[in-house]
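Following: one structure in structure tokens, then a few remarks.
The values are calculated or read from the model by the stated rules, or taken from the named source; none is laboratory data. Quantities reported herein were computed from a predicted structural model and do not represent experimental measurements. All Cβ positions, even for glycine, are placed from backbone atoms using ideal geometry, and neighbour counts span all protein chains on display.
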Amino acid sequence: MLHARRFGAAMLVLVGACSGGSDPTPEDVDAPPTSTCDPATVLPSNYRPIATVSAGAVTVTTASGVTSGTIDATAGGLAGSPDNPYIYVDLAAGTKVALDDLAARTSTAWDVALKRSSLRVNGGDSGTGGRKLAVVQANDLASVTAPSTGYTEDDFTDADCMLVGLPGGEPASAFGEWYDYDPVMHTVTPKAEVYVIERPGGTRTALRLVTYYGDATNPMRGAYYQVEWKQLAP
């Protein structure tokens with residue numbers, strides 16, 4: 001969940017007479033200094049919260065327990081991304097959640113958010129949904145089961161309320177460095193990983209990113225994800 005980080009420690013000032021000490025009174029105890037960190041304030045301009053709902057679509061179908069299709073996280077292209085929001089997805093329902101970035105911060109309705117190459121999960125610094133994510137090394141969904149450990153929340157701020165970013169400039173998230181980047185071809189390739197999202201109620205979904213270029217009419221259109229996921233047994 002969004003959180004405040006507390007710095008320093010209480011200092012006890014003991015006042016005693018020469019003949020002996022006494023227990024400190026409430027007035028003798030200094031209140032600990034505090035500093036409140038709002039993670040949203042450290043997000044880079046390309047990923048800052050936008051008060052509009054994404055125009056992108058989630059277009060999926062489900063067959064034999066596997067949901068597959070596309071998520072449009074193009075966000076107006078690379079140049080337009082500062083003025084376009086994340087797209088929010090409910091993996092249990094298989095639908096887009098019509099939220100802007102500001103409302104999403106306190107919503108429990110979404111599981112994952114996507115914007116260009118930035119992926120986030122609804123927990124920790126990204127939201128109050130209590131979702132956690134574990135990374136499984138796998139090329140497909142078939143053999144993936146829910147791991148018992150290794151779940152983490154998003155955490156893109158350090159103890160000094162400074163951004164923790166990925167090499168590409170995205171805010172760090174539980175997804176980690178999920179892609180390989182080719183600096184010659186300038187292409188993004190998802191790693192051979194499956195992401196298991198765990199909800200507070202114990203339900204889990206395994207998500208795989210098939211390709212970053214899932215628009216059949218424009219194969220080099222980035223951030224048009226081809227994805228697949230399945231619900232896992234408790």
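At a glance:
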read-out: Among (1) farther than 20 Å from Arg208 by Cβ; (2) surrounded by 23 or more Cβ atoms within 10 Å (Cβ to Cβ); (3) not basic (Lys, Arg) - the single one Asp100 does not satisfy; value: (2)
read-out: Residue, nearest to Leu78 (Cα to Cα), within the stretch 191-207, restricted to residues that are of a type outside the set (A, V, I, L, M), outside any loop (DSSP other than H, G, I, E, B) and under 14 Å from the mean Cα position of the chain (by Cα); value: Tyr195
read-out: Near pairs, Cβ below 8 angstrom, 6+ apart or cross-chain, from the stretch 160-182 (at positive phi) to any residue that is surrounded by 19 or more Cβ atoms within 10 Å (Cβ to Cβ) and assigned to a loop (DSSP other than H, G, I, E, B); value: Cys161/Cys37
read-out: Identity of the residue in the stretch 131-182, part of a loop (DSSP other than H, G, I, E, B), of a type in the set (A, V, I, L, M, F, W, C) and under 11 Å from the mean Cα position of the chain (by Cα), that ends up nearest to Pro200 (Cα to Cα); value: Ala174
read-out: Test: residue in the stretch 220-227 that is crowded, with 19+ Cβ neighbours inside 10 Å, among the hydroxyl-bearing types (Ser, Thr, Tyr) and in a strand (DSSP E or B); value: yes
read-out: Filter result for the condition that a residue is modelled with pLDDT of 95 or more, among the β-branched types (Val, Ile, Thr), buried (at least 19 other Cβ atoms within 10 Å of the Cβ) and more than 15 Å from the chain's Cα centre (by Cα), over Val188, Val210; value: Val188
